[in-house]
Amino acid sequence: MNVQLVSNTKGKVMAVQIPVKDWKEVKRKLEAFNISESIKTGYNEMQQIENGQLEEKSFEQFLNEL
């Protein structure tokens, strides 16, 4: 990956530039990671509900949280 740092006149790095092709791949991986984390959270909440550690939500409550 070709990474370029953009700095201000004082030399402080203010931004990073990468090719669009690389950005699309990073974005795809980040979206997959976010989906994975969401699934893990949902699974953990299910386990907590089954163990009585978390109150069960109605479908309406679930939709309101979206």
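Per residue of the range 42-53, in order, report the coupling 6.51 cos²θ - 1.76 cosθ + 1.60 (Karplus, θ = phi - 60°) as ³J(HN,Hα) in whole Hz, putting x for Gly and Pro.
The phi angles translate into x, 5, 5, 5, 4, 5, 5, 5, 5, 8, x, 8 Hz.
Pop the C-beta distance of residue 51 and residue 29 into the FRET formula with R0 = 35 Å and round what comes out to the nearest 0.05.
Using R0 = 35 Å, I get an efficiency of 0.60.
In the chain, which longest range has no trypsin sites (Lys or Arg not before Pro) that are both DSSP loop (not H, G, I, E or B) and surrounded by at most 10 other Cβ atoms within 10 Å?
13-66
Return one whole number: the accessible area per residue of the chain in Å², for a 1.4 Å probe.
95 Å²
Can you work out ³J(HN,Hα) from phi for every residue in the range 55-66, in order, using Karplus 6.51 cos²θ - 1.76 cosθ + 1.60 and θ = phi - 60°, giving whole Hz and x for Gly and Pro?
6, 5, 9, 6, 4, 5, 4, 4, 5, 5, 7, 6
At a 1.4 Å probe radius, carbon and sulfur cover how many percent of the accessible area of the chain?
55 percent
So if R0 is 35 Å, what FRET efficiency would residue 5 and residue 38 give, r being the distance between their Cβ atoms, rounded to the nearest 0.05?
The calculated FRET efficiency here is 0.65.
Just flag the GluC sites (Glu not before Pro) in the chain sitting in loop per DSSP whose Cβ has no more than 11 other Cβ atoms within 10 Å.
55, 56
What is the count of Lys pairs in the chain whose alpha carbons sit under 26 Å apart, if the two are 8 or more places apart or on different chains?
6
Give the long-range amide H neighbours of residue 54: residues separated by 5 or more places, or on another chain, with amide H under 5 Å away, using H modelled in the peptide plane at 1.01 Å from N.
Amide H neighbours of residue 54: 49.
Which whole-Hz couplings ³J(HN,Hα) result when phi for each residue of the range 5-20 is put into the Karplus expression 6.51 cos²θ - 1.76 cosθ + 1.60, θ = phi - 60°, listed in order with x for Gly and Pro?
9, 10, 10, 7, 5, 8, x, 7, 5, 10, 7, 10, 10, 9, x, 4
Assign one of three labels to the range 1-55, namely rounded, prolate or oblate, based on the Cα gyration tensor with a ≥ b ≥ c the square roots of its eigenvalues; rounded applies when a/c is under 1.5, prolate when it is not and a/b is larger than b/c, and oblate otherwise.
Judged from the Cα gyration tensor, the range 1-55 comes out oblate (a/c at least 1.5, b/c at or above a/b).
The values are calculated or read from the model by the stated rules, or taken from the named source; none is laboratory data. Keep in mind that this is a model prediction, so the values were computed, not measured. Virtual Cβ from ideal backbone geometry, glycine too; neighbours counted across all protein chains shown. Heads up: the accessible areas ignore ligands, DNA and RNA and are worked out on the full protein's heavy atoms, side chains in. Shrake-Rupley method; radii C 1.70, N 1.55, O 1.52, S 1.80 Å.
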